[in-house]
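> To start, I am sharing the structure in question, which I have written as structure tokens.
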Amino acid sequence: MLKVGLTGGIGAGKSEVSRLLVACGAVLIDADRIAREVVAPGTPGLASVVEAFGEEILAADGSLDRPRLGAIVFSDAEKLATLNSIVHPLVGARSRELEEAAADDAVVLHDVPLLTENGLAPLYDLVIVVDAAPETQLDRLVRLRGMTEEDARARMAAQATREQRREIADIVIDNNVPLEELEQRVKDVWAELVRRSQASRPSPAE
């Protein structure tokens, strides 16, 4: 099994690269998706969040009101740390379960937005960073996601810098390109991942 960490700044195109790698054959473990699952209605995770922050962070249907919780934690570092102390272990445990369920020869792709910020690079056999120029990120966030320029710049500023992400990268995928060119780049990266996966397997004689 080859464990690959995938990350990139907001608007860099990480989700598209993830989709293309899955189409090639990668097994995807999506940290954001798992983070939503572990605090779904009826889960121990949601119960712990409510215990820490009160029932006002629930929507009318009993689900987590993410905007309300976000307004509480993102302006208070201590409260954000409390939330992370609840959610991160649950995400880690579920990620390990999914990884263990994958085939021995699988290329397992961990899509982790905050891989750089949380110092998680050592957990993976190699790290892929999807890179785009800041002006490209800004254009995508405003034009494709409907963010205001102010909101987009604030979200970008809250993340690791482009240089910090590139420092931890084993492979950098430059996504300042049209989709057709990105598809070919991802296919080339997939060939390299398969090569590394095969090279890491013990020989029959071992």
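> Out of the residues in the range 115-137 that are in a loop (DSSP other than H, G, I, E, B) and without any contact (Cβ under 8 Å) to a residue 60 or more places away in the chain, which is nearest to Asn84 (Cα to Cα)?
Per the criteria, the residue is Asn118.
> Okay, moving on. Looking at Glu149, Glu183, can you tell me which residue is loosely packed, with under 13 Cβ neighbours inside 10 Å and touching a helix residue (DSSP H, G or I) at 6+ places or on another chain (Cβ under 8 Å)?
So the residue among Glu149, Glu183 that is loosely packed, with under 13 Cβ neighbours inside 10 Å and touching a helix residue (DSSP H, G or I) at 6+ places or on another chain (Cβ under 8 Å) is Glu149.
> Does the range 17-29 contain any residue that is in contact (Cβ under 8 Å) with a residue 40 or more places away in the chain, open to solvent by less than 30 Å² (accessible area, probe 1.4 Å), of a type outside the set (S, T, N, Q) and in a strand (DSSP E or B)?
Yes, the range 17-29 has at least one match.
> Given the residues Arg33, Arg68, which is the only one that is closer than 29 Å to Arg165 by Cβ, of a type in the set (D, E, K, R) and in contact with a strand residue (DSSP E or B) (Cβ under 9 Å, 6 or more places away or on another chain)?
Testing whether each residue is closer than 29 Å to Arg165 by Cβ, of a type in the set (D, E, K, R) and in contact with a strand residue (DSSP E or B) (Cβ under 9 Å, 6 or more places away or on another chain) leaves just Arg33.
> Turning to a different aspect of this structure: Which residues, counting only those in the range 143-172, are within 10 Å of Val129 (Cα to Cα) and out of contact with any Gly (no Cβ under 8 Å at 6 or more places or on another chain)?
Arg166, Glu167, Ile168, Ala169, Asp170, Ile171, Val172
> Could you pull out the residue among Pro89, Pro122 that is open to solvent by 20 Å² or more (accessible area, probe 1.4 Å), modelled with pLDDT of 95 or more and out of contact with any strand residue (DSSP E or B) (no Cβ under 7 Å at 6 or more places or on another chain)?
Matching residue, one of Pro89, Pro122: Pro122.
> Would a scan of the range 179-193 turn up a residue that is farther than 23 Å from Arg19 by Cβ and part of a helix (DSSP H, G or I)?
First pass over the range 179-193, keeping only residues farther than 23 Å from Arg19 by Cβ: none.
The answer is no; no qualifying residue exists.
> Would you point out the residue of the range 45-68, among those that are touching a residue at least 12 places away in the same chain (Cβ under 8 Å), in contact with a helix residue (DSSP H, G or I) (Cβ under 9 Å, 6 or more places away or on another chain) and part of a helix (DSSP H, G or I), that is surrounded by the fewest Cβ atoms within 10 Å (Cβ to Cβ)?
Kept after step one, since they are touching a residue at least 12 places away in the same chain (Cβ under 8 Å), are these residues of the range 45-68: 45-46, 48-49, 52-53, 56-57, 61-64, 68.
Filter once more, so that each one left must be in contact with a helix residue (DSSP H, G or I) (Cβ under 9 Å, 6 or more places away or on another chain): 45, 48-49, 52-53, 56-57, 62-64, 68.
This time we only want the ones that are part of a helix (DSSP H, G or I), so: 45, 48-49, 52-53, 56-57, 68.
Values: Gly45: 20, Ser48: 18, Val49: 21, Ala52: 13, Phe53: 19, Glu56: 10, Ile57: 21, Arg68: 13.
Only one residue tops the list, namely Glu56.
> Take the residues of the range 152-180 that are small (Gly, Ala, Ser) and open to solvent by 40 Å² or more (accessible area, probe 1.4 Å): which is nearest to the chain's Cα centre (by Cα)?
Ala158
The values are calculated or read from the model by the stated rules, or taken from the named source; none is laboratory data. What you see is a predicted model, and the numbers here were worked out from it, not measured in a lab. No Cβ is skipped: glycine too gets one built from the backbone with ideal geometry, and neighbour counts run over all protein chains shown. With ligands, DNA and RNA removed, areas are computed over all heavy atoms of the protein, side chains included. Shrake-Rupley method; radii C 1.70, N 1.55, O 1.52, S 1.80 Å.
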